[in-house]
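Structure first, commentary second.
The values are calculated or read from the model by the stated rules, or taken from the named source; none is laboratory data. Model, not experiment: these values are computed from the prediction. For neighbour counting, all protein chains shown are included, and Cβ atoms are generated from backbone atoms with ideal geometry for every residue, glycine included. Protein only, heavy atoms only, side chains kept; ligands, DNA and RNA dropped before computing areas. Shrake-Rupley method; radii C 1.70, N 1.55, O 1.52, S 1.80 Å.
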Amino acid sequence: MTAYLSSAIKGYVSSYLGLSLACWQGIILNFVESTLMGVYYFLPIYFVNVYHINITTAGVIMSFYGLGAIIGALMGGFLSDKISPRTVSSACLLILSIVFLMLTKLHIVNLLIIALFTMGTASYGFITSNHLWVLAQCHHQEERLKAINLLSVASNLGLGLSAIVVGLMANYSFKSILALSGSLLFLSAIYFYLIEQEINPSHIHHVIENTAKTPDDAIKNKKLIYLVLACLFFTGLIVFQASTTYSIYIQKSFPDLGLKAISILFTLNSFLVVIFQASIINLLHTKNKILMIGIGAFLLGFARLMLSFSFIFSLAILSCLVYTLGEILFFSVAQFVCYQNGLEKKKGYALGTYRMVYASSRVLGPAVGGHIYQQFGANMLWFICGLLGLLSLTACYGYNMRYAD
């Protein structure tokens, strides 16, 4: 028993080892940015309570963040291919710091819309370029997959910590929180710009395995990227129900628990991702990645379908566990496959397109889901989510069967 426990601990610890200092610098900065950007989720409360903006208008303002994210994802990737990912990341952090500081003064709706649009652009620009920076420091596939895992862990940990920090600082004015976040983002921008270790984008292809050795391989890789992006869009439609219909459904289904039910499920999801993301993917990294993507998408959809039968809260928790496993399997591997199969000198474009598609589902998902929920009921919405997951699994299985070596 002791030997088994010792082996399990060593395996878990190994999930976090083997990356360079430069990689860890990017991962830590991703954690810092995620923690500070967590304030975004509290901005509607700030707009309504401080500026006395009505809820509908606040929702419109927040929607422009998603539109900015679409542009930011593409710009972050495109600019990283042309110049240094470090420079792009630093510029995005600097822009974010300015926006946060400006939010302490802005109160006109049109200016707030511009601020949120800029925030979305800079945030997704940073995420894309920072991921490229970290992956450029890795020299083989195993390192890159491990780095993506840890970036995901850092992001989830940051968002979870953000909620705690904002809660602890709730007694202070929200403007103080924004000012502090802006200041820390500014310092992060300066720090990242001064980092010396970097692989020049023009030399990235020397440390990346060339996966397209023939014209047929290039066509195969292109089809694979399209497949992953389609699955990503479908999966994003499922995932972003969390910001609207999922919360409403859970609150109505378990009125005795109310907001506590939502808090438990969201905390459980973040907690499990932080603990098990790296170790699970590290354990399965040699498995068929196309099938892992399909299975992950299926589990995400099936988890939502399970809500139709969750008449007690323990079943909602079980649904959350299935959802978390699907999230762990899908996102790290999907991002890795897109990056790995992108053209040698267009890794930024590949990763930027990945982020752009995900951001698009962030804009469309809540609106479409809310309409289906309102017109046809929650069970129809959860059935459609399950169907999207099944379609993704079927597509991945079909691709794998056609192009299996």
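Couplings 3J(HN,Hα) of the stretch 59-66, computed from phi: x, 5, 4, 5, 5, 6, 4, x Hz, in residue order, whole Hz [Karplus 6.51 cos²θ - 1.76 cosθ + 1.60, θ = phi - 60°; x for Gly and Pro].
May I ask you to order 87-94, 137-144 by the average number of other C-beta atoms within 10 Å around their residues, highest value first?
Top to bottom by mean Cβ count within 10 Å: 87-94, 137-144.
Whenever you get a sec, line up 355, 402 from highest to lowest accessible area (probe 1.4 Å, protein heavy atoms).
If we order 355, 402 from most to least accessible, we get 402, 355.
Ranking of 285, 131 by solvent-accessible surface, largest first: 285, 131 (1.4 Å probe, protein heavy atoms only, all chains present). Taking the Kirkwood radius as Rh and the Cα radius of gyration as Rg, the stretch 28-101 has a ratio of Rg/Rh equal to 1.04. Summed over all non-identical Cα pairs, the Kirkwood treatment of the stretch 17-142 gives a radius of 15.3 Å. Here r is the Cβ-Cβ distance between residue 397 and residue 57 and R0 is 51 Å; the resulting FRET efficiency, rounded to 0.05, is 0.65.
Pairs over the 29 Å Cα-Cα cut-off, from the set 146/347; 82/105; 223/345; 260/287: 82/105; 260/287. With a cut-off of 15 Å between beta carbons, the residues surrounding residue 149 carry a summed charge of +1, where Lys and Arg count +1 and Asp and Glu -1.
Label-to-label distance, residue 193 versus residue 175, with points set 7 angstrom from Cα along the beta-carbon direction: 2.8 nm.
Tell me, what is the FRET efficiency for residue 252 and residue 291 to the nearest 0.05, using R0 = 51 angstrom and their Cβ-Cβ distance as r? With R0 = 51 Å, the Cβ-Cβ based efficiency is 0.90.
Restricted to Cα atoms, the chain shows a radius of gyration and a Dmax of 20.9, 64 angstrom.
Residue order by solvent-accessible surface for 80, 176 is 176, 80, largest first, with ligands and nucleic acids left out and a 1.4 Å probe.
Per residue, the convex hull around the alpha carbon atoms of the stretch 297-405 comes to 111 Å³. For the stretch 109-177, the normalised intensity computed at q = 0.26, 0.28 Å⁻¹ comes to -1.09, -1.12 (log10 of I(q)/I(0), Debye sum over alpha carbons, equal scatterers, no solvent).
Ranked by the mean number of other Cβ atoms within 10 Å of their residues, highest first, the peptides 50-63, 148-161 come out as 148-161, 50-63. Dipole magnitude for the chain: computed about the Cα centre from +1 point charges on Lys and Arg Cβ and -1 point charges on Asp and Glu Cβ, it is near 320 debye.
For the pair residue 371 and residue 140 in one chain, pulling the backbone fully straight at 0.36 nm per residue adds 78.7 nm over the alpha carbon distance. Working from label points 7 Å from Cα in the Cα-to-Cβ sense, the residue 21 to residue 380 distance is 6.0 nm.
Between residue 275 and residue 111, residue separation times 0.36 nm minus the direct Cα-Cα distance comes to 55.0 nm.
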